[in-house]
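Encoded as structure tokens, the structure appears first; notes follow it.
The values are calculated or read from the model by the stated rules, or taken from the named source; none is laboratory data. None of the values given here were measured: they were computed from a predicted structure. Cβ: placed from backbone, ideal geometry, glycine included. Neighbour counts: every protein chain shown. The protein model used for the area step is the full one, side chains on, heavy atoms only, and it has no ligands, DNA or RNA in it. Shrake-Rupley method; radii C 1.70, N 1.55, O 1.52, S 1.80 Å.
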Amino acid sequence: MRRLPIFLVIDVSESMAGKAIDDVQYGIKMLTDALVSNPFAMETVYISVIAFAGKAKTITPLTYVMDFIPPKLPIGCGTNLSDALKVLMCEIDTKVKKNTPETKGDWKPLIFILTDGIPNDNYKSAAAAQWKMNYGKYSTIAVLMGENSDATALKAITDDVLVFKETTQESYYAFFKWVSSSIQTSSKEMGEYGKEGNASNIEKFRKNLDADLLADNLPIENNVDFLVLTVRCQKTKKPYIVRYVSHNRSGIYMADGAYPVGEDYFELSSTEVGKNISSRQLTGVTPSCPHCNNPGFGHCNCDKWLCLDQEHLKNVTCPFCESTADYGNYDEFHFNGGRG
Ligand SMILES: [Zn+2]
Ligand SMILES: [Zn+2]
């Protein structure tokens, strides 16, 4: 039996933390539930999930759809599309069976790349060029959620870029339903007629998507900028992120929430130094620690952050560097802030 390999390449940067990642997680479950009850898909479909933030990682290697368990998606810092492409190319090279003189290999893989923001690596990278040259023959659909980010980087790796107007649950679910119907269409054609998907298939797929959900044009500007602080709870030592969002390059960052992350956050994060930020650029209600409910957080001399209780600011040990210090209120200070 020839397999139909599906690669889901999912942005798990900080901007996805919270509702968006939950929606994606549930979307993958809806997708596989639909595929396992489709007679053609259940015979041929294999799914792989690659997550990317500042670094990329295979979360689920190519797995038969009937055995596929939707993975728990991590969160990382940064959006490195080149690294995602490198991991994807490696997976295709090692897991997808090529034709040999004796036997037919797998069907051409279908690739779906999902992101909600602009990559912060160079999209004209060697990886992107290599992708276009050697893997451009595969059906690759890049989907941008929301119109707040520049889609140029996605356009550089595939002609098939779809932009959803909103980043709502409805949009995420619609995306996965559409992925599901596209895979079912492809597997049916392969099963019934022994035909392979091609570029014209993408056009056909696109027709199955509610046009009202899609943006009319590819956005070419970034209107939203995220600032992310990586914090550890001083009581549990567990990490979380505090996310701030800035609109229309105002330079003012509004607190947007605190989200617990796993230790794999550090594994998926880029180590590059972020932008220089003044504490005066931060505004909004300080989110409390999601692990112990401490109402605030403070900046250690090691340039990392820890949750703080305003009643106990003396002799506090930093869970990152283990140095002990007294904390207080400062008029203004500067720090390096990451982005998602
Ligand atoms: Zn805490
Ligand atoms: Zn420290």
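Values as computed for the structure displayed
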item	result
C-alpha long axis of helix 169-193 to longest principal axis of the chain, angle in °	20
Largest-first ellipsoid semi-axes for the stretch 42-168, taking √(5λ) over the Cα gyration tensor eigenvalues, angstrom	25, 18, 14
Antiparallel bridge percentage (DSSP; both residues within the chain; nearest 5)	55
J(HN,Hα) series, the stretch 240-255, from Karplus relation 6.51 cos²θ - 1.76 cosθ + 1.60, nearest Hz, glycine and proline x	8, 10, 10, 10, 10, 10, 10, 9, 6, 6, 6, x, 9, 10, 9, 4
Separation in nanometres of the label points that stand 7 Å from Cα toward Cβ, at Asn217 and Lys72	4.4
Placed amide H near Lys238: partners under 5 Å, 5+ positions off or other chain	Cys233
Tilt relative to the chain, helix 81-95 - C-alpha long axis, 0 to 90 degrees, to 10	40
Per-q log10 I(q)/I(0), the chain, q = 0.07, 0.08 Å⁻¹ (Debye; single scatterer per alpha-carbon; no solvent)	-0.32, -0.42
Peptides ranked, highest mean first, by Cβ atoms within 10 Å: ranges 313-320, 103-110	103-110, 313-320
Cut-off 14 Å between beta-carbons: net charge of the residues surrounding Trp131, Lys and Arg +1, Asp and Glu -1	-1
The stretch 224-337: Lys pairs at Cα distance under 22 angstrom, eight or more positions apart or on different chains	8
Quarter of the Cα convex hull surface for the stretch 224-337, i.e. its orientation-mean projected area (nm²)	6.9
Peptide ranges 181-188, 62-69 listed from the most packed, as the mean C-beta count within 10 angstrom indicates	181-188, 62-69
Computed lengthening from Arg249 to Ser181, 0.36 nm per intervening residue step minus Cα-Cα distance	20.6 nm
Options Ser269, Trp305, Val224, ranked by Cα towards positive dipole end of the stretch 224-337, top entry (Cβ charges)	Val224
Set of lysines near Lys195 by C-alpha distance (under 25 Å), chain-local residues within fewer than 8 positions excluded	Lys95, Lys97, Lys98, Lys104, Lys108, Lys132, Lys137, Lys177, Lys204, Lys207
Partner aspartates and glutamates for Lys155 [C-alpha distance under 17 Å; skip if fewer than 8 residues away on the same chain]	Asp11, Asp83, Asp116, Asp121, Glu147, Glu203, Asp216, Glu221
Nearest 10 degrees, 0 to 90: helix 126-135 Cα axis against the chain principal axis	20
Convex hull projection area averaged over all views, the stretch 64-105, Cα basis, nm²	4.7
Carbon + sulfur, % of accessible area of the stretch 224-337 - ligands and nucleic acids excluded, 1.4 Å	46
